[in-house]
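Undergrad: One structure follows; several queries about it will come next.
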Amino acid sequence: MKVLVTGVAGFIGFHLGARLLKDGIDVFGIDNLNPYYDPKLKQDRLAILKEFSGFDFCKIDLIDRDNILEVFKGDKYDVIVHLAAQAGVRYSIENPYAYIDSNLVGFINILEGCRQTSVDHLVFASSSSVYGANTKMPFSVHDNVDHPVSLYGATKKANELMAHTYSSLYSLPCTGLRFFTVYGPWGRPDMALFKFTKAILEGSSIDLYNYGKMRRDFTYIDDVVEGLVRVMHMRPESDPKWDRAQPDTGSSYAPYRIYNIGGSHPVDLLYFIDVLERALGKKAKKNMLPLQPGDVIATCADANDLEMAVGFRPETPLETGILSFVKWYKSYYRI
């Protein structure tokens, strides 16, 4: 079996690549190694993957249409796992064009590569950000998500629509996964756990938006990878119960599915910080601020569809996951 993983030097891509390689599955990874955050972290992840004989890598940008197509035509891949994207809600306010290039232009290049080479299954990353202004909890894949509050969320919703179109037109099996606040070792420096850990250890203050009154469904990286691997092996088929008069957004008459990957156990941000303080043995200096544009106050995943489909739902306790991250962080930065 051979799998193409885009964004392989990223947080989730690295962990998925390592899991597949350990399972004896060959991985061809692509990444543009952009400087959105410290490229050294990406290079160090890649160095670990390159220790496996079944790993090949090509530095390439998603918007490079011709070279992306050459990657697809260069070998036969059993599954494409598309994780590469411009991430971050707040950065999408500062630099919207980066999201159009990577998340829209880049995604159509991936879809075209899949179409032109008759790929068996495309698994792609969506996000809990698509739920936007929704307040009905938990968030369900069967709910309408037409009111995003960030450009990042809008691009991920667009990815779902684009994938469905290709699934419908060309019978391309597509599965989209809405990730809920993924955290763990080798995580992204722009995310809360990484930023808070760095600031607390340095004695700097941490910014808490909406005065700390936020709730998040944090999902440990190993749970995300387990869900990904199980979904990879389950190619979607047409849903015979799908009703055009009452269209269900989570499935389709086409070979297309959407799943949430989250633990369905949201926690208060202040409790999250308390757990981190205990793991670090040091208190945080808190800077309370109003709600940021593009932020949502709470997230919570309804993972029932995922569990019914693949027999799994994320369950790693927050305390276990944070302690694992702190141990990695101190080791990596020699603290």
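Undergrad: Check K156 against each of (1) among the basic types (K, R); (2) open to solvent by less than 40 Å² (accessible area, probe 1.4 Å); (3) assigned to a loop (DSSP other than H, G, I, E, B) and name the one condition it does not meet.
TA: (3)
Undergrad: Residues being out of contact with any Phe, Trp or Tyr (no Cβ under 6 Å at 6 or more places or on another chain), charged (D, E, K, R), open to solvent by 60 Å² or more (accessible area, probe 1.4 Å) and assigned to a helix (DSSP H, G or I): count how many of those fall in the stretch 210-255.
TA: 1
Undergrad: For the stretch 45-56, which residues satisfy the criterion of being touching a helix residue (DSSP H, G or I) at 6+ places or on another chain (Cβ under 8 Å) and not hydrophobic (A, V, I, L, M, F, W, C)?
TA: If the condition is that a residue be touching a helix residue (DSSP H, G or I) at 6+ places or on another chain (Cβ under 8 Å) and not hydrophobic (A, V, I, L, M, F, W, C), then R45, G54 are the ones that fit.
Undergrad: Kindly establish whether D44 is open to solvent by 10 Å² or more (accessible area, probe 1.4 Å), over 21 Å from I68 (Cα atoms) and among the charged types (D, E, K, R). Give the steps one after another, and end with the answer.
TA: On the way: open to solvent by 10 Å² or more (accessible area, probe 1.4 Å): yes; over 21 Å from I68 (Cα atoms): yes; among the charged types (D, E, K, R): yes.
When the stated conditions are applied, D44 passes them.
Undergrad: Something else now. Please determine, by comparing only the residues of the stretch 310-335 that are of a type in the set (S, T, N, Q) and over 18 Å from the mean Cα position of the chain (by Cα), which one is least open to solvent (accessible area, probe 1.4 Å). If you could, list the steps in order and put the result at the bottom.
TA: Restricting attention to the stretch 310-335, the residues satisfying the condition of being of a type in the set (S, T, N, Q) are 316, 320, 324, 331.
With the extra rule that they be over 18 Å from the mean Cα position of the chain (by Cα), the set shrinks to 320, 324, 331.
Working: T320: 79, S324: 38, S331: 85 Å².
Per the criteria, the residue is S324.
Undergrad: Given the condition outside any loop (DSSP other than H, G, I, E, B) and among the hydroxyl-bearing types (S, T, Y), answer yes or no: does some residue in the stretch 310-322 qualify? Let's see the steps before the verdict.
TA: Step one: list which residues in the stretch 310-322 are outside any loop (DSSP other than H, G, I, E, B), which gives 310, 318-322.
Those still in the list that are among the hydroxyl-bearing types (S, T, Y) too: 320.
Among the residues of the stretch 310-322, at least one is outside any loop (DSSP other than H, G, I, E, B) and among the hydroxyl-bearing types (S, T, Y), which makes the answer yes.
Undergrad: If you don't mind, another one. Of all residues in the stretch 247-296, which are in contact with a Ser or Thr (Cβ under 8 Å, 6 or more places away or on another chain) and of a type in the set (K, R)?
TA: R257, K285, K286, listed by residue number.
Undergrad: All but one of (1) part of a strand (DSSP E or B); (2) under 22 Å from T155 (Cα atoms); (3) open to solvent by 10 Å² or more (accessible area, probe 1.4 Å) hold for V5; which doesn't?
TA: Here V5 clears every test but (3).
Undergrad: I'm told D207 meets every condition in (1) touching a residue at least 24 places away in the same chain (Cβ under 8 Å); (2) not in a strand (DSSP E or B) except one. Can you identify the failing condition by its number?
TA: (2)
Undergrad: Shifting gears a bit: Would you tally the residues in the stretch 287-309 being assigned to a strand (DSSP E or B) and surrounded by 15 or more Cβ atoms within 10 Å (Cβ to Cβ)? It would help to see each step written out before you state the result.
TA: Initially, the stretch 287-309 is screened for residues assigned to a strand (DSSP E or B), giving 287-288, 298, 301.
So of that shortlist, the ones also surrounded by 15 or more Cβ atoms within 10 Å (Cβ to Cβ) come out as 298, 301.
Counting residues in the stretch 287-309 that are assigned to a strand (DSSP E or B) and surrounded by 15 or more Cβ atoms within 10 Å (Cβ to Cβ) gives 2.
Undergrad: Counting only residues that are open to solvent by 10 Å² or more (accessible area, probe 1.4 Å) and at pLDDT below 95, which one in the stretch 130-142 is farthest from M308 (Cα to Cα)?
TA: A133
Undergrad: For the stretch 113-123, how many residues meet the condition of being open to solvent by less than 30 Å² (accessible area, probe 1.4 Å) and in contact with a helix residue (DSSP H, G or I) (Cβ under 6 Å, 6 or more places away or on another chain)?
TA: 3
Undergrad: Write out, first by first residue and then by second, each pair whose Cβ atoms fall under 7 Å of each other, whose residues are 6+ apart or on separate chains, and whose first residue, in the stretch 286-315, is in contact (Cβ under 8 Å) with a residue 12 or more places away in the chain and farther than 15 Å from S129 by Cβ while the second is open to solvent by 70 Å² or more (accessible area, probe 1.4 Å) and not small (G, A, S).
TA: Close Cβ pairs satisfying both conditions: M288/Y211; V310/R230; F312/R230; R313/E307.
Undergrad: Also, I was wondering about something else. Would you check which residues across the stretch 24-59 are in a loop (DSSP other than H, G, I, E, B) and free of Cβ contacts under 8 Å to residues at least 60 places away in the same chain and list them? Even if it seems obvious, please write down each step before you answer.
TA: Quick first cut of the stretch 24-59, residues in a loop (DSSP other than H, G, I, E, B) only: 24-25, 32-38, 50-54.
Matches in the stretch 24-59: G24, I25, N32, L33, N34, P35, K50, E51, F52, S53, G54.
Undergrad: Same structure, new question: Return yes when I258 is modelled with pLDDT of 95 or more, assigned to a strand (DSSP E or B), in contact with a strand residue (DSSP E or B) (Cβ under 9 Å, 6 or more places away or on another chain) and open to solvent by less than 80 Å² (accessible area, probe 1.4 Å) and no when it is not.
TA: Working: modelled with pLDDT of 95 or more: yes; assigned to a strand (DSSP E or B): yes; in contact with a strand residue (DSSP E or B) (Cβ under 9 Å, 6 or more places away or on another chain): yes; open to solvent by less than 80 Å² (accessible area, probe 1.4 Å): yes.
Answer is yes for this residue.
Undergrad: Could you say whether any residue in the stretch 276-284 is open to solvent by less than 10 Å² (accessible area, probe 1.4 Å), modelled with pLDDT of 95 or more and over 17 Å from P138 (Cα atoms)? Steps first, answer last, please.
TA: Within the stretch 276-284, the subset open to solvent by less than 10 Å² (accessible area, probe 1.4 Å) is 276.
Narrowing the set further to residues that are modelled with pLDDT of 95 or more leaves 276.
From the residues that got through so far, the ones that are over 17 Å from P138 (Cα atoms) too are 276.
Yes, the stretch 276-284 has at least one match.
Undergrad: Has the stretch 94-112 got at least one residue that is open to solvent by 10 Å² or more (accessible area, probe 1.4 Å) and touching a Gly at 6+ places or on another chain (Cβ under 7 Å)? Explain how you work it out, then say what you get.
TA: Of all residues in the stretch 94-112, those open to solvent by 10 Å² or more (accessible area, probe 1.4 Å) come to 94-98, 100-102, 104-105, 108-109, 112.
Checking which are touching a Gly at 6+ places or on another chain (Cβ under 7 Å) leaves us with none.
No, the stretch 94-112 contains no residue that is open to solvent by 10 Å² or more (accessible area, probe 1.4 Å) and touching a Gly at 6+ places or on another chain (Cβ under 7 Å).
The values are calculated or read from the model by the stated rules, or taken from the named source; none is laboratory data. Predicted model, so just to flag it, every value in this text is computed and none were measured. Using ideal geometry, Cβ is built from the backbone for each residue, glycine included, and neighbour counts are taken over all protein chains shown. Calculation scope for accessible area: heavy atoms of the full protein, side chains included, ligands and nucleic acids excluded. Shrake-Rupley method; radii C 1.70, N 1.55, O 1.52, S 1.80 Å.
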